[in-house]
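J.: Got a structure for you, written out below as C-alpha cells; questions coming shortly.
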Amino acid sequence: MTEPEQAAITLCGMPDLSARTPVRVLSPHGIERLLAEHRLYQETEYHQGHRADFASADLTGRDFSALICAGVKMDRAVLRGADFTRAHLQRQI
C-alpha cells in the first residue's frame, strides 16, 4: 500500500471520502437538462427520460426548492448552501 493510500484509511479501516473534491462540475444548463429529464422520468413512471445523476458533482448554492428530487443520485455531491425547501425527496407510496 502506498503512503497516500495509507493516509486515506481511517481508524475504522474505511477510506476517508470527505477530503475528496468533486470530480464533476456541471454547467447551469447541464443541471437544468438533467432535472428536466428526471422530471420526465418520474412523470412517465420510468418509461421516458433518465434518472438524474449528480454523483460527485459540485451543486453548491443550487436551488432545488419545490422540485421533484426523489430518486436523484447525489452520492458524494457537494450540497453546501443548496436549497431544498419544499423539494420532494422521497418517493410517494
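The values are calculated or read from the model by the stated rules, or taken from the named source; none is laboratory data. Predicted model only: the values in this text are computed from it and were never measured. Cβ: placed from backbone, ideal geometry, glycine included. Neighbour counts: every protein chain shown. Ligands, DNA and RNA are stripped out before the accessible areas are found, and what is left, the full protein with its side chains, is counted by its heavy atoms. Shrake-Rupley method; radii C 1.70, N 1.55, O 1.52, S 1.80 Å.
J.: Could you check how much of the accessible area of the stretch 21-85 is carbon and sulfur, as a whole percent, using a 1.4 Å probe? Could you put the intermediate results ahead of the total?
T.: Working: 1990 of 4000 Å².
Within the stretch 21-85, the accessible surface is 50 percent carbon and sulfur.
J.: What are the residues whose amide H is under 5 Å from the amide H of A82, where those residues sit 5 or more places off or on another chain and H is modelled from the backbone?
T.: Here G61, R62 satisfy the definition.
J.: Let me ask something else. Check which residues have an amide H placed less than 5 Å from A55's amide H, if you skip close sequence neighbours.
T.: D75
J.: Filter the GluC sites (Glu not before Pro) in the stretch 35-78 down to the DSSP loop ones having no more than 15 other Cβ atoms within 10 Å, then list what survives.
T.: Those that pass, being in a loop and sparsely packed, are E45.
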